[in-house]
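Asker: Structure incoming, see below.
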Amino acid sequence: MAFLKLFKNAYTFKAARFKEDDIDPVNPDRGWFHLYTFDVRSEDIKPGLETVVTDPDQSVVLILICIGKKVNDDTVVKIKEIIDHFCNAGKDIVLRVTFDTNGHALEKEPEDIEDVLECAEKIGNLLSKLGDKIFVYQGLFVGNWGEMHTTRYDDHESLGRIYEKLSRDDEGVCGPYITVRRPDIHMALTKPGDRLGLFNDAIFASEDELGTFADPEIDSEYESKVSLNVPYGGETVYGNGYIKTLSDKDIFNRFAKKRITYLNSDHDVKLLDHLKADDKLYGYISKHLGYRLYVSDVKYSHGSKSLTVKVSNSGFAPIYRSTKCTLYFTESEGNILEQETDADLSKDSEFKAVIPEKVYEEFKMPVKVSLKTVRRYDDREIHFVNTPVEDGRVYLGELF
């Protein structure tokens, strides 16, 4: 071995055996969610935040907040208090602020578009300050339950004005993704560089998903294209049993084509029960919502003394938010050297990292190499579906 150290290129690397394990880790920005509804019109937030118990097996929550017809400073403080509560619980927030949470939007919405715009501007200001704390902002205030239907403001001009107020972009602050209902609305509002996507609260309800699609074939293709860049999710609806006309393969394909990242775990019970009747079907869906990352290959270059790591994704959707990948080099005596790479798995499925000279010069061989990945903005760990080693790292192989 001493002789080999004179010729560093003589070192070799034995890669681990990589396979996708049948596990379903709790990862950020993906999975089933529960819906939490709050009314901030009263003096106290209802329900009280102290009564809210979140599910440790779900990273995502959808927060529906009723604001009444006006947004004042007290309203903004209450909304921020709710957001902070769920952030402190380690949750990724899908937020929807609306005038109605009972299906009576025409009665509860402001009668003047200017009042709607004033609300949108104040919430937009708040979103710009919250930054990455909000994963997705759903809807543009209006419609029953904020779902953008049954409203006097469903024309593209009104929705465009609301969107402009809501989507302000302060310099240096990355606001949340904003999603709207229906492809035609998205087509009318989106501009190059926007973080505008789609949500759908009638998935599987019917062929046109309760009017979500004007043309199911064309609009589903458009939906699939949009969800390449912006997270897509919502809830399922049983309707008249359209789901029963689809085979398991059809259901898998639709989840994959839509690129569903997050889905309501409570609604609609009848449809969810249909999926749960087949453990294999429901289990597959649960494991593949959003991204599902695993290391599939590692190659060692003698010339550049580097490793090339390939990461595969078998989930329905991409990973959207920026990541940070760190390699760990552990010598036989237990000393560890960490090396952060410039890889971002939201952009790259393969990355190259040069092995530090210190590993060759100071470490006693063999040296084990492992990988840990976190979400960049808060260092929350992203678990791969390879068998991990200590501290959640994926074992890549051994240098000797």
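Asker: State whether the residues of the stretch 35-48 include one that is buried (at least 18 other Cβ atoms within 10 Å of the Cβ), more than 30 Å from D379 (Cβ to Cβ), of a type in the set (A, V, I, L, M, F, W, C) and over 26 Å from the mean Cα position of the chain (by Cα).
Answerer: yes
Asker: Hey, another quick one. Looking at the structure I just gave you, is D57 assigned to a loop (DSSP other than H, G, I, E, B) and in contact with a Ser or Thr (Cβ under 9 Å, 6 or more places away or on another chain)?
Answerer: no
Asker: So which residues in the stretch 354-396 are crowded, with 20+ Cβ neighbours inside 10 Å and in a strand (DSSP E or B), if there are any at all?
Answerer: V367, V369, S370, L371, K372, T373, R375, I382, V394, Y395, L396
Asker: Another one. Here are I113, I123, I134: which of them is modelled with pLDDT of 95 or more and over 25 Å from N200 (Cβ atoms)?
Answerer: Sole residue among the options that is modelled with pLDDT of 95 or more and over 25 Å from N200 (Cβ atoms): I113.
Asker: Scan the stretch 126-164 for residues that are of a type outside the set (A, V, I, L, M, F, W, C), in contact (Cβ under 8 Å) with a residue 60 or more places away in the chain and not in a helix (DSSP H, G or I) and jot them down.
Answerer: Passing the criteria: Q138, G139, H149.
Asker: For the stretch 304-348, how many residues are assigned to a loop (DSSP other than H, G, I, E, B), polar (S, T, N, Q), within 27 Å of the chain's Cα centre (by Cα) and within 19 Å of R393 (Cβ to Cβ)?
Answerer: Matching residues across the stretch 304-348 total 1.
Asker: Please go through the stretch 255-284 and pick out each residue that is touching a strand residue (DSSP E or B) at 6+ places or on another chain (Cβ under 8 Å) and not aliphatic (A, V, I, L, M).
Answerer: K258, R259, T261, Y262, N264, S265, D266, H267, D268
Asker: So which residues in the stretch 30-50 are more than 21 Å from G146 (Cβ to Cβ) and at pLDDT 90 or above?
Answerer: Correct list: R30, G31.
Asker: Within the stretch 5-13, does at least one residue satisfy the condition of being modelled with pLDDT of 95 or more and either outside any loop (DSSP other than H, G, I, E, B) or over 29 Å from R161 (Cβ atoms) (or both)?
Answerer: Within the stretch 5-13, one or more residues are modelled with pLDDT of 95 or more and either outside any loop (DSSP other than H, G, I, E, B) or over 29 Å from R161 (Cβ atoms) (or both).
Asker: A further question on this structure: Can you tell me which residues in the stretch 279-303 are in a loop (DSSP other than H, G, I, E, B) and at pLDDT 95 or above?
Answerer: L289, G290, Y291, R292
Asker: Take G68 and decide whether it is in a loop (DSSP other than H, G, I, E, B) and at pLDDT below 95.
Answerer: The answer is yes for G68.
Asker: Do you know which residues across the stretch 219-261 are closer than 23 Å to M148 by Cα, under 25 Å from the mean Cα position of the chain (by Cα) and either of a type in the set (A, V, I, L, M) or assigned to a loop (DSSP other than H, G, I, E, B) (or both)?
Answerer: Result: V226, S227, L228, N229, V230, P231, V237, Y238, R259, I260.
Asker: Any residue in the stretch 356-370 that is in the same structural domain as Y11 (by TED's automatic domain parsing) and under 23 Å from the mean Cα position of the chain (by Cα)?
Answerer: The answer is no, given that none of the residues of the stretch 356-370 is in the same structural domain as Y11 (by TED's automatic domain parsing) and under 23 Å from the mean Cα position of the chain (by Cα).
Asker: Any idea which of (1) closer than 21 Å to R321 by Cα; (2) acidic (D, E); (3) loosely packed, with under 13 Cβ neighbours inside 10 Å is the one D92 doesn't satisfy?
Answerer: (3)
Matching residues to (1) at positive phi; (2) crowded, with 22+ Cβ neighbours inside 10 Å; (3) out of contact with any helix residue (DSSP H, G or I) (no Cβ under 7 Å at 6 or more places or on another chain):
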residue	(1), (2), (3)
V116	no, yes, no
D132	no, no, yes
V142	no, yes, no
H149	no, no, yes
E157	no, no, yes
G160	no, no, no
I185	no, no, no
A202	no, no, yes
P216	no, no, yes
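The values are calculated or read from the model by the stated rules, or taken from the named source; none is laboratory data. This one's a predicted model, so the numbers in the text were calculated from it and none came from an experiment. Please note: Cβ atoms are built from the backbone with ideal geometry, for glycine as well, and neighbour counts cover all protein chains shown.
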